[in-house]
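*Asks:* First the structure, then my questions, so here it is.
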Amino acid sequence: MKVSRRWLEDFLKRPLSIADLRGRLAMLGAPVDAVESLAGELAPVVVGLVEAAEPHPNADRLRVCQVAIGGGERRQVVTGAPNVEAGRRYPFAGVGVTLPNGLTLEKRKLRGEISEGMLCSEIELGLGADADGLMTLETEADPGTPLVDVLGLDDDRLELDLAPVRGDLLGHKGIARELAASLGVIARLPVVPDAPAELPPFRRSETPLAAGGVEIRIAPGSAGRRFTAAVIEGVTVGPSPAWLARRLEAVGQRPINNVVDVTNYVMFELGQPLHAYDGAKLRGGVLESRLARSGERLRTLDEVERALAPTMTVVADAEGPVGVAGVMGGLESEVTDATTTVVLEAAWWDPIATRSTRRALGLPSEASQRFERGPDLWALPDALRRAVEVLLATAGGRVVEQPIDLWPEPGHPPRIFLRVSRVAQILGIELGMGEIERTLTAIGATVSPKPEDGRLAVDVPGWRGDLTSEIDLIEEVARIHGYDRLPDELRPYRIGAQIDPPLEARTAAIRRAMMGLGLHEAITLPIGPATGPGSVPLQNPLTADHAFLRDRLSVGLVRQVEANWANQVRDVRLFEIGTAFGPGGPGRRPVESCRIAAVLTGGRRPAHWTDGGETPDLDWWDLKGLFERAASLANPGASVQVQDGSLVARSEQGAEIGRAGPLGADSPAWAGPLFGFEIEIAERAASKLGFEPLPTVPASSRDLALVVPWSIESGRVVETMREAGTGLLESVSVVDEYRGAGLPDGTRSVAYRLVFRGRDRTLRDRDVEGVMKRIQRALESQLGVGIRAS
């Protein structure tokens with residue numbers, strides 16, 4: 001997405017620095033990939049005030065001018081322009097300046113008179129096609145003022161990297177909204193010069209309506225969900241005013257004429273594509289969203305005739321298609337210099353249907369890019385109203401009747417409930433309800449606090465179709481509050497009782513072992529070329545070299561070894577834990593297996609001066625030791641055997657689970673032998689969870705304070721109690737510890753709580769006391785631990 005800095009400044013009514021924009025947009029999730037200054041070669045050109053213009057003494061068609069260029073300086077310029085006048089201001093380029101047409105100005109004599117620079121025309125500055133005279137500046141700016149400041153050309157074009165789900169950022173208004181939320185200001189639409197004071201209100205309907213003799217329809221089954229249109233008569237088609245042309249040029253668009261430029265301007269401003277039809281070319285007074293009919297064809301604006309499939313939605317008049325919905329308009333109904341009646345259309349097309357049509361036709365466009373991401377359904381009339389406003393200001397005319405808003409199935413943006421406690425839990429910071437409301441209001445949401453249950457009811461803005469759940473809102477709170485303001489220290493936490501999956505625990509153990517043995521972990525792409533008849537093809541490959549899922553990990557690791565060799569790295573030890581894929585049979589998904597693979601080549605150990613500068617290379621026995629270690633971790637109980645010149649790992653059941661041996665590669669002459677292995681990691685079956693019913697009889701508890709030597713761990717004391725209390729002792733827990741006066745040297749006092757429970761009856765005191773005595777005797781005899789005297 002190309003963005004104009006000055007356009008954003010007009011939204012925010014404040015200057016913006018490139019450095020600040022880079023930082024803010026990066027934190028807001030729209031990083032700046034590139035910045036291009038648009039002032040370019042015009043930066044040295046300034047406003048020159050012609051103080052005197054006298055006829056050249058030696059040439060009838062030349063004039064000698066005295067030009068003030070600021071700071072009390074003046075230059076003599078010889079010009080042949082017929083429109084130069086004393087007291088007027090023109091662009092001035094001094095000696096040494098290179099103009100956009102490639103001309104570098106020098107101090108010259110023209111018929112005996114020195115000329116120290118040039119007063120410039122539009123064509124010489126690349127600002128227009130007028131070459132008949134100088135570019136007259138209607139300004140009171142002081143001489144010496146940079147021309148780019150006077151003409152608003154001191155602009156920068158920013159290239160933004162946008163997430164696919166952020167279709168709202170495909171217009172300057174969306175970017176300005178984000179910046180306004182970050183800056184704590186309000187974004188407002190720029191003022192349009194000569195805009196009409198009032199526009200007629202829209203007529204909303206769920207059934208077809210007509211305006212200016214054009215009936216608007218949405219046929220069942222088409223991709224159109226909402227369709228707005230306005231008819232403007234008395235339009236004068238011609239070049240766009242300078243401000244509008246500069247806006248489009250700032251984002252890399254070539255101005256065409258004032259009507260087409262208006263639709264492009266609103267698209268880049270609001271993110272809503274529009275289309276303008278020549279009203280005289282619409283047949284039958286109908287403009288309809290419908291599915292294409294069998295055999296229909298359309299010559300699009302790129303002058304290519306295209307066959308339309310019955311699954312494609314078109315905009316049609318009474319006799320046939322005049323545009324491909326959401327993609328491109330038709331050539332026959334385009335606006336030309338002879339157009340006097342314009343039908344402006346702003347519609348909302350289904351993103352999935354638009355993407356399907358665009359791909360089938362191979363016809364990407366700025367419009368399809370935005371429709372595929374879903375523009376704001378609820379702001380459609382606002383976009384058309386803005387287009388009408390700019391069109392009347394630049395091309396004249398009048399609106400015929402009230403514009404139409406056809407919406408067969410009206411709706412409202414979704415409402416999401418956000419818990420304040422959940423925000424604190426996810427972000428690790430306590431934000432008050434007021435602060436959360438402020439951040440969400442800043443992105444355009446309507447927030448209704450519900451303090452009685454600690455929630456906020458959030459009506460998502462229509463332009464944020466990516467906000468669908470509570471976690472999405474929490475991300476917005478973090479983004480607007482500022483990621484850099486979130487705490488980065490480790491907060492107190494409670495260790496969970498959830499056990500890691502067996503496969504995760506096993507791969508973690510393998511990873512630690514491989515790194516401990518000096519290997520570096522690699523992560524390679526799971527896709528690549530076919531490596532055998534069992535390779536699984538991808539349905540939509542990125543390239544021919546990445547058209548299959550890998551059937552083994554070692555292929556990618558060998559490529560990494562070759563890349564290291566290409567960079568003169570001889571000693572390489574790599575491993576990877578990942579998934580390999582095999583064919584799953586007709587109509588079935590591929591079979592996946594988790595594996596560990598490793599490659600090693602080069603010296604057995606780093607070179608040292610005690611070796612005389614020579615280190616032996618890794619050999620078969622190094623490979624065997626590493627392979628046996630990995631196999632025992634990947635599949636406990638596995639054995640390694642030599643078979644057909646390779647090392648083979650087999651499970652306890654005898655199934656082959658891995659192989660090791662020399663590997664082939666494109667190796668240089670100085671490289672050592674390359675070895676590798678690959679082993680399938682076993683997934684241990686999860687143990688079944690046992691069930692124990694809740695007790696039906698009450699428990700009895702006793703507290704026991706013991707004098708425990710420092711040499712005895714509390715765990716041994718608890719274990720001894722459990723062994724002595726078998727049958728009735730249900731649990732033991734530490735409740736207190738004392739260290740200090742009143743205890744023998746080298747001891748501490750630990751208090752334990754013992755809980756007793758019978759299986760089928762309520763225990764009596766004598767039952768508990770009997771077990772307590774047995775426990776005390778065991779502690780004294782086995783550990784020398786006695787009861788603490790009171």
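The values are calculated or read from the model by the stated rules, or taken from the named source; none is laboratory data. This one's a predicted model, so the numbers in the text were calculated from it and none came from an experiment. Backbone-built Cβ (ideal geometry, glycine too); neighbour counts: all protein chains shown. Side chains included, ligands, DNA and RNA excluded: accessible areas come from the protein's heavy atoms. Shrake-Rupley method; radii C 1.70, N 1.55, O 1.52, S 1.80 Å.
*Asks:* Say we look at segment 465-498 and pick out the residues that are at pLDDT 85 or above and part of a loop (DSSP other than H, G, I, E, B); which of these is most open to solvent (accessible area, probe 1.4 Å)?
*Replies:* T468
*Asks:* Name the pairs: first residue in segment 606-632 and closer than 16 Å to G518 by Cα and in contact (Cβ under 8 Å) with a residue 60 or more places away in the chain, second residue open to solvent by less than 60 Å² (accessible area, probe 1.4 Å) and of a type outside the set (F, W, Y), Cβ to Cβ under 6 Å, at least 6 apart or on different chains?
*Replies:* Listed by first residue and then by second, the contacts come to A630/I596; A630/I679.
*Asks:* Could we say that D622 is crowded, with 20+ Cβ neighbours inside 10 Å, touching a strand residue (DSSP E or B) at 6+ places or on another chain (Cβ under 9 Å) and either outside any helix (DSSP H, G or I) or among the charged types (D, E, K, R) (or both) here? Reasoning before the result, please.
*Replies:* On the way: crowded, with 20+ Cβ neighbours inside 10 Å: no; touching a strand residue (DSSP E or B) at 6+ places or on another chain (Cβ under 9 Å): yes; either outside any helix (DSSP H, G or I) or among the charged types (D, E, K, R) (or both): yes.
It is false that D622 is crowded, with 20+ Cβ neighbours inside 10 Å, touching a strand residue (DSSP E or B) at 6+ places or on another chain (Cβ under 9 Å) and either outside any helix (DSSP H, G or I) or among the charged types (D, E, K, R) (or both).
*Asks:* Something else about it: Go through segment 425-447 and count every residue that is exposed (fewer than 14 other Cβ atoms within 10 Å of the Cβ) and in contact with an Asp or Glu (Cβ under 8 Å, 6 or more places away or on another chain).
*Replies:* Number satisfying all stated conditions: 1.
*Asks:* Could you tell me whether I527 is farther than 30 Å from E614 by Cβ and either open to solvent by less than 50 Å² (accessible area, probe 1.4 Å) or of a type outside the set (A, V, I, L, M, F, W, C) (or both)? Step through it out loud before you land on a result.
*Replies:* On the way: farther than 30 Å from E614 by Cβ: yes; either open to solvent by less than 50 Å² (accessible area, probe 1.4 Å) or of a type outside the set (A, V, I, L, M, F, W, C) (or both): yes.
Yes.
*Asks:* Condition first: over 25 Å from A129 (Cα atoms) and in contact with a Leu (Cβ under 7 Å, 6 or more places away or on another chain). Now tell me which residues in segment 58-115 satisfy that.
*Replies:* Correct list: A68, L110, R111.
*Asks:* Looking only at segment 242-256, filter to residues that are in contact with a strand residue (DSSP E or B) (Cβ under 8 Å, 6 or more places away or on another chain) and under 16 Å from V266 (Cβ atoms); which one of those is surrounded by the most Cβ atoms within 10 Å (Cβ to Cβ)?
*Replies:* Filtering segment 242-256 for residues in contact with a strand residue (DSSP E or B) (Cβ under 8 Å, 6 or more places away or on another chain) gives 247, 250-252.
Now restrict to residues that are under 16 Å from V266 (Cβ atoms): 247, 250-251.
Working: R247: 25, A250: 22, V251: 20.
Ranking the qualifying residues of segment 242-256, first place goes to R247.
*Asks:* Considering only residues that are farther than 30 Å from W348 by Cβ, touching a helix residue (DSSP H, G or I) at 6+ places or on another chain (Cβ under 9 Å) and open to solvent by less than 70 Å² (accessible area, probe 1.4 Å), which ones fall in segment 402-424?
*Replies:* Residues of segment 402-424 farther than 30 Å from W348 by Cβ: 419-424.
Among the residues that remain, those that are also touching a helix residue (DSSP H, G or I) at 6+ places or on another chain (Cβ under 9 Å) are: 419-420, 422-423.
Matches in segment 402-424: V420, V423.
*Asks:* Within segment 677-790, considering only strands (runs of 3 or more DSSP E) that don't extend past its boundaries, which have at least 2 residues that are free of Cβ contacts under 8 Å to residues at least 40 places away in the same chain and open to solvent by 80 Å² or more (accessible area, probe 1.4 Å)?
*Replies:* Numbers: elements: 700-709, 729-738, 747-756.
Answer list for segment 677-790: 729-738.
*Asks:* Now, a different point. Which members of segment 513-540 meet the condition of being touching a residue at least 60 places away in the same chain (Cβ under 8 Å), closer than 17 Å to G578 by Cα and not in a helix (DSSP H, G or I)? Give the derivation first.
*Replies:* Our first condition is that a residue be touching a residue at least 60 places away in the same chain (Cβ under 8 Å); within segment 513-540, this holds for 513-514, 517, 519.
Among the residues that remain, those that are also closer than 17 Å to G578 by Cα are: 513-514, 519.
Across segment 513-540, the qualifying residue is only L519.
*Asks:* Looking at segment 21-59 only, could you name the residues that are over 21 Å from T139 (Cα atoms), in a loop (DSSP other than H, G, I, E, B) and in contact with a strand residue (DSSP E or B) (Cβ under 8 Å, 6 or more places away or on another chain)?
*Replies:* Quick first cut of segment 21-59, residues over 21 Å from T139 (Cα atoms) only: 21-38, 40-41, 54-59.
Keeping just the survivors that are in a loop (DSSP other than H, G, I, E, B) gives 28-31, 38, 56-59.
Matches in segment 21-59: A30, P31, L38, H56, P57, N58, A59.
*Asks:* Give me the residue from segment 118-153 that is of a type in the set (D, E) and surrounded by fewer than 19 Cβ atoms within 10 Å (Cβ to Cβ) and, out of that set, nearest to Q76 (Cα to Cα). Working first, answer last.
*Replies:* Within segment 118-153, the subset of a type in the set (D, E) is 122, 124, 130, 132, 138, 140, 142, 149.
Right, trim to surrounded by fewer than 19 Cβ atoms within 10 Å (Cβ to Cβ) and you get 122, 130, 132, 138, 140, 142, 149.
Working: E122: 21, D130: 24, D132: 21, E138: 22, E140: 21, D142: 18, D149: 24 Å.
Only one residue tops the list, namely D142.
*Asks:* Another question, if that's okay. Say we look at segment 283-301 and pick out the residues that are free of Cβ contacts under 8 Å to residues at least 60 places away in the same chain and not in a strand (DSSP E or B); which of these is nearest to V335 (Cα to Cα)? Show your work before the answer.
*Replies:* So in segment 283-301, the residues free of Cβ contacts under 8 Å to residues at least 60 places away in the same chain come out as 283-284, 292-299, 301.
Pick out the ones that are also not in a strand (DSSP E or B) and you get 283-284, 292-296, 301.
Numbers: R283: 15, G284: 18, A292: 23, R293: 25, S294: 27, G295: 26, E296: 22, L301: 11 Å.
Ranking the qualifying residues of segment 283-301, first place goes to L301.
*Asks:* When the residues of segment 628-676 are filtered to those that are of a type in the set (S, T, N, Q) and open to solvent by less than 40 Å² (accessible area, probe 1.4 Å), which remaining residue is modelled with the lowest pLDDT? Working first, answer last.
*Replies:* Residues of segment 628-676 that are of a type in the set (S, T, N, Q), as a first pass: 632, 635, 639, 641, 643, 646, 651, 653, 667.
Filter again for open to solvent by less than 40 Å² (accessible area, probe 1.4 Å), leaving 635, 646, 651.
Working: N635: 91, S646: 87, S651: 90.
Residue satisfying both the conditions and the ranking: S646.
*Asks:* If you don't mind, another one. Among the residues of segment 197-241, which ones are open to solvent by 40 Å² or more (accessible area, probe 1.4 Å) and of a type in the set (V, I, T)?
*Replies:* T207, T236
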